[in-house]
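Participant: Pasting a structure below so you can have a look.
The values are calculated or read from the model by the stated rules, or taken from the named source; none is laboratory data. Since we're looking at a predicted model, the values are computed, not measured. A quick note on method: Cβ atoms are made from the backbone with ideal geometry, for glycine too, and the neighbour counts reach across all protein chains shown. Accessible surface areas use protein heavy atoms only, side chains included; no ligands, DNA or RNA. Shrake-Rupley method; radii C 1.70, N 1.55, O 1.52, S 1.80 Å.
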Amino acid sequence: MADLSVNIGELQMKNPVMTASGTFGYGEEFSDFIDIARIGGIIVKGTTLHKREGNPYPRMAETPSGMLNAVGLQNKGVDYFVEHIYPRIKDIQTNMIVNVSGSAIEDYVKTAEIINELDKIPAIELNISCPNVKQGGMAFGVSAKGASEVVKAVRSAYKKTLIVKLSPNVTDITEIARAAEESGADSVSLINTLLGMAIDAERKRPILSTITGGMSGAAVKPIALRMVWQVAKAVNIPVIGLGGIMDWKDAVEFMLAGASAIQIGTANFIDPAVTIKVEDGINNYLERHGCKSVKEIIGALEV
């Protein structure tokens, strides 16, 4: 077996396979299907300072080779997470990472401060890129200045590994990535969902209650792969790749493009065991190619 271990800043992972926030619940929901401790890192659903109801239904729609969602970060708030969810997940033997969102910089900072006190949460993923929340989120992630402001503020309050999740709905994603790095990010993850839309032709109405939503799934992979390749060349911090990863081959392609780790999202809805299959597939690929460590393929694309 090849050495699958990777580091994201000071975060040590047994393998590069992670789950994307919002597609894997709090991890425990999948424990009937797989040994979730085998996953390198589980990023739990988006957490905000205060409780959020999310957007009205309908807020999901299937698209060719993908899906749209406009859930709107529905969650019960960080205090509920600390009191009720953290005690249930803190002893899962993998990296449990919290995705943090907010509608103002102070909200991000306060949420990060609270999570910083949780011993068994070694990292947060800062969501400055969610396209389906009407206030905040999007505004921070679409400009280098906005990204820099929120990352700097959170960095001053949060002492562990800080991953910043980037929006693809920008002109130049490398500019945002560099701003995050310069402001103290230990890593960047990309891409979040692309802004999309679906229409019911018979009813002459949008399918989603919010009209537009975030597109994910296999259809976005070529765009995600291109952006990961660009960002990996532009920054000196580890890049985490996601967007349309459906199997081990997709994962390997992202790592060849420069990703140190990958996240699986929409594919979890199709196959709850996909994370383990991808881990095994990466190992088989490394053995076939005579690689002793997964680090040998990170950024190994020959161009």
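Participant: Report every pair of residues separated by at least 6 positions or lying on different chains whose Cβ atoms are under 9 Å apart, first residue within segment 213-229 and at positive phi, second among the hydroxyl-bearing types (Ser, Thr, Tyr) and open to solvent by less than 50 Å² (accessible area, probe 1.4 Å).
Facilitator: Pairs found: Gly217/Thr63; Gly217/Thr266.
Participant: Any idea which of Ile237, Ile270, Ile223 is among the β-branched types (Val, Ile, Thr) and within 27 Å of Phe33 (Cα to Cα)? Before the answer, list the steps.
Facilitator: Values: Ile237 fails: within 27 Å of Phe33 (Cα to Cα); Ile223 fails: within 27 Å of Phe33 (Cα to Cα).
Of the residues listed, the single one that is among the β-branched types (Val, Ile, Thr) and within 27 Å of Phe33 (Cα to Cα) is Ile270.
Participant: Take Leu68 and decide whether it is touching a residue at least 40 places away in the same chain (Cβ under 8 Å) and part of a loop (DSSP other than H, G, I, E, B).
Facilitator: Judged against the criteria, Leu68 is not a match.
Participant: For the subset of segment 194-212 comprising residues that are within 23 Å of Ile270 (Cβ to Cβ) and modelled with pLDDT of 95 or more, which member is surrounded by the fewest Cβ atoms within 10 Å (Cβ to Cβ)? Quick ask: steps written out before the conclusion?
Facilitator: Filtering segment 194-212 down to residues within 23 Å of Ile270 (Cβ to Cβ) leaves 194-198, 207-208.
Now restrict to residues that are modelled with pLDDT of 95 or more: 194, 196-198, 207-208.
On the way: Leu194: 20, Gly196: 21, Met197: 15, Ala198: 18, Ile207: 19, Leu208: 24.
By that ranking, first place goes to Met197.
Participant: In segment 277-299, what residues are open to solvent by less than 20 Å² (accessible area, probe 1.4 Å) and of a type in the set (A, V, I, L, M, F, W, C)?
Facilitator: Val278, Ile282, Leu286, Val294, Ile297 - these are the residues of segment 277-299 that are open to solvent by less than 20 Å² (accessible area, probe 1.4 Å) and of a type in the set (A, V, I, L, M, F, W, C).
Participant: If you don't mind, another one. Which one of these is of a type in the set (A, V, I, L, M, F, W, C), out of contact with any His (no Cβ under 7 Å at 6 or more places or on another chain) and in a loop (DSSP other than H, G, I, E, B): Val303, Val231? Give the derivation first.
Facilitator: Numbers: Val231 fails: in a loop (DSSP other than H, G, I, E, B).
Every option except Val303 fails the conditions.
Participant: Within segment 267-300, take every residue that is of a type in the set (Lys, Arg) and assigned to a helix (DSSP H, G or I) and give me the one that is nearest to Pro238 (Cα to Cα). Lay out the reasoning, then the answer.
Facilitator: Restricting attention to segment 267-300, the residues satisfying the condition of being of a type in the set (Lys, Arg) are 277, 288, 292, 295.
With assigned to a helix (DSSP H, G or I) added as a condition, the list becomes 277, 288, 295.
Numbers: Lys277: 24, Arg288: 25, Lys295: 12 Å.
So the residue we want is Lys295.
Participant: Restricting to segment 110-130, and then to whatever is over 19 Å from the mean Cα position of the chain (by Cα) and among the aliphatic types (A, V, I, L, M), can you tell me which residue is surrounded by the fewest Cβ atoms within 10 Å (Cβ to Cβ)?
Facilitator: Ranking the qualifying residues of segment 110-130, first place goes to Leu118.
Participant: Might you check whether a residue that is under 17 Å from the mean Cα position of the chain (by Cα), more than 23 Å from Gly9 (Cβ to Cβ), part of a loop (DSSP other than H, G, I, E, B) and not β-branched (Val, Ile, Thr) occurs anywhere in segment 247-266?
Facilitator: Scanning segment 247-266, I find at least one residue that is under 17 Å from the mean Cα position of the chain (by Cα), more than 23 Å from Gly9 (Cβ to Cβ), part of a loop (DSSP other than H, G, I, E, B) and not β-branched (Val, Ile, Thr), so the answer is yes.
Participant: Any residue in segment 48-60 that is surrounded by 21 or more Cβ atoms within 10 Å (Cβ to Cβ) and either in contact with a strand residue (DSSP E or B) (Cβ under 8 Å, 6 or more places away or on another chain) or on the phi < 0 side of the Ramachandran plot (or both)? If you could, list the steps in order and put the result at the bottom.
Facilitator: Within segment 48-60, the first condition is being surrounded by 21 or more Cβ atoms within 10 Å (Cβ to Cβ), and the residues that meet it are 48-49.
Those left that are additionally either in contact with a strand residue (DSSP E or B) (Cβ under 8 Å, 6 or more places away or on another chain) or on the phi < 0 side of the Ramachandran plot (or both): 48-49.
For segment 48-60, residues surrounded by 21 or more Cβ atoms within 10 Å (Cβ to Cβ) and either in contact with a strand residue (DSSP E or B) (Cβ under 8 Å, 6 or more places away or on another chain) or on the phi < 0 side of the Ramachandran plot (or both): present.
Participant: Then there is this: Take residues that are surrounded by fewer than 22 Cβ atoms within 10 Å (Cβ to Cβ) and modelled with pLDDT of 95 or more and tell me which of the helices (runs of 4 or more DSSP H) falling wholly in segment 131-184 contain 1 or more. Walk me through how you get there before you give the answer.
Facilitator: On the way: elements: 138-141, 144-157, 173-182.
Qualifying helices (runs of 4 or more DSSP H): 144-157, 173-182.
Participant: Now, a different point. Can you name the residue in segment 6-61 that is assigned to a loop (DSSP other than H, G, I, E, B) and free of Cβ contacts under 8 Å to residues at least 12 places away in the same chain and, of all such residues, is nearest to Asn236 (Cα to Cα)? Full working, then the answer.
Facilitator: Filtering segment 6-61 for residues assigned to a loop (DSSP other than H, G, I, E, B) gives 9-10, 14-16, 20-27, 31-35, 39-40, 48-51, 53-59.
Restricting the remaining residues to those that are free of Cβ contacts under 8 Å to residues at least 12 places away in the same chain gives 31-32.
On the way: Ser31: 35, Asp32: 39 Å.
Looking at the filtered set, the residue picked out is Ser31.
Participant: Further, regarding this structure: Could you tell me whether segment 1-8 includes any residue that is touching a Lys or Arg at 6+ places or on another chain (Cβ under 7 Å), hydrophobic (A, V, I, L, M, F, W, C) and modelled with pLDDT under 95?
Facilitator: Scanning segment 1-8, I find no residue that is touching a Lys or Arg at 6+ places or on another chain (Cβ under 7 Å), hydrophobic (A, V, I, L, M, F, W, C) and modelled with pLDDT under 95, so the answer is no.
Participant: Pro272 - would you say it is farther than 20 Å from Gly27 by Cα and open to solvent by 10 Å² or more (accessible area, probe 1.4 Å)? Write out each step before concluding.
Facilitator: On the way: farther than 20 Å from Gly27 by Cα: no; open to solvent by 10 Å² or more (accessible area, probe 1.4 Å): yes.
When the stated conditions are applied, Pro272 does not pass them.
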